[in-house]
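What follows is a single structure, written as structure tokens, with notes after it.
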Amino acid sequence: MNYGTNTGRKWIAAAVGALAMVGGTAANADINIGIRIGEPPRPRPVIIEERRVIVEEWTVGPHKSLYDADLRLRLAQRDEFRASEALEAARNREGEIAVALDDQERLIGGLRREIDEREGAWAAARAK
């Protein structure tokens, strides 16, 4: 490309104008690009919310709402799984209590028979 021609100068002017627009936009939007080789990645901010730890990702753009919805779905599935485990534990405890209640009712029935027999024996001894 010959930079001395009118067409070459137009290309250079267009490139400089594009860089100026991008630079102006970047300065206004506070966009920063940094390349750090050999340094550890910067830590992600952590938000603690209602006994949950949510790691704030650096996702922006149209995929952010998708990732947020996916996170909400996974948290809801986790809560549902924990609730189903608690329900199963409660049902197991209900079964244990029902077995203990049956044992107590059987014991009470045996004691009532014994009381009836002793009252009958006492009434027979008193009648003699």
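The values are calculated or read from the model by the stated rules, or taken from the named source; none is laboratory data. What you are looking at is a predicted structure, and each value in this text was computed from that prediction instead of being measured. Please note: Cβ atoms are built from the backbone with ideal geometry, for glycine as well, and neighbour counts cover all protein chains shown. Ligands, DNA and RNA are excluded from the accessible area calculation, which covers all protein heavy atoms including side chains. Shrake-Rupley method; radii C 1.70, N 1.55, O 1.52, S 1.80 Å.
Structure values in brief
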read-out	value
Extended-chain gain in nm, criterion 0.36 nm per residue less alpha-carbon gap, Ala83 and Ile12	19.0 nm
Ala127 paired with Leu71, simple spin-label distance in nm, labels 7 Å along Cα-to-beta-carbon	8.5 nm
Virtual spin-label span in nm between Leu111 and Arg93, 7 Å along Cα→Cβ	2.6 nm
Accessible area expressed per residue, region 71-128, with surrounding protein chains retained (probe 1.4 Å, Å²)	94 Å²
